[in-house]
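The values are calculated or read from the model by the stated rules, or taken from the named source; none is laboratory data. Because the structure is a prediction, the values reported are computed rather than measured. Cβ: placed from backbone, ideal geometry, glycine included. Neighbour counts: every protein chain shown.
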Amino acid sequence: MQTEKRLEGGKLTLAPAGRLDTNTAPELEAELKLDGVDELVFDLSALEYVSSAGLRIFLSAQKAMSAKGGKMSIANPNGTVKGVFDITGCTGIFTIV
């Protein structure tokens, strides 16, 4: 899995590509450096699949951003990835744009 990372001021955008599963989740987790970040965006336009390991990363990031008064959003999930959010009830937890 490849992850594009953009930091613009206090906004961090992470754009993982490929599959986010047990094998690749540590790679994305390693990119989550939230010092000085007040807005976190996961751009999922190139993500093909997400497992529970990936959902755990999103949930942990949401918790960390809420604790520091920041905001997090999930952008551009495809139908398959959005379906995982729907089935697991995560649609109500995350801001999905």
Legend entry - Filter result (touching an Asp or Glu at 6+ places or on another chain (Cβ under 8 Å), within 10 Å of GLU39 (Cα to Cα) and among the small types (Gly, Ala, Ser)) within region 1-18: GLY10
Inset, instruction - Go through the residues of region 63-72 one by one and say whether even a single one is more than 11 Å from the chain's Cα centre (by Cα), in a helix (DSSP H, G or I) and modelled with pLDDT under 95. - result: no
Legend entry - Every pair of residues 6+ apart whose Cβ atoms lie under 6 Å, when the first sits in region 75-97 and is outside any helix (DSSP H, G or I) and modelled with pLDDT under 95 while the second is surrounded by fewer than 17 Cβ atoms within 10 Å (Cβ to Cβ) and among the hydroxyl-bearing types (Ser, Thr, Tyr): THR95/SER73; VAL97/SER73
Inset, instruction - Enumerate the pairs (first residue in region 33-61 and over 18 Å from THR80 (Cβ atoms) and in contact (Cβ under 8 Å) with a residue 24 or more places away in the chain; second residue anywhere and of a type in the set (Gly, Ala, Ser) and surrounded by 15 or more Cβ atoms within 10 Å (Cβ to Cβ)) with beta-carbon separation below 7 Å, excluding pairs fewer than 6 apart on the same chain, so at least 6 apart or on different chains. - result: LEU34/ALA64; VAL37/GLY70; ASP38/GLY70; GLU39/GLY70; LEU40/ALA61; LEU40/GLY70; VAL41/SER73
Inset, instruction - Taking the residues in region 1-28 that are small (Gly, Ala, Ser) and not in a strand (DSSP E or B) as candidates, determine which candidate is surrounded by the fewest Cβ atoms within 10 Å (Cβ to Cβ). - result: GLY9
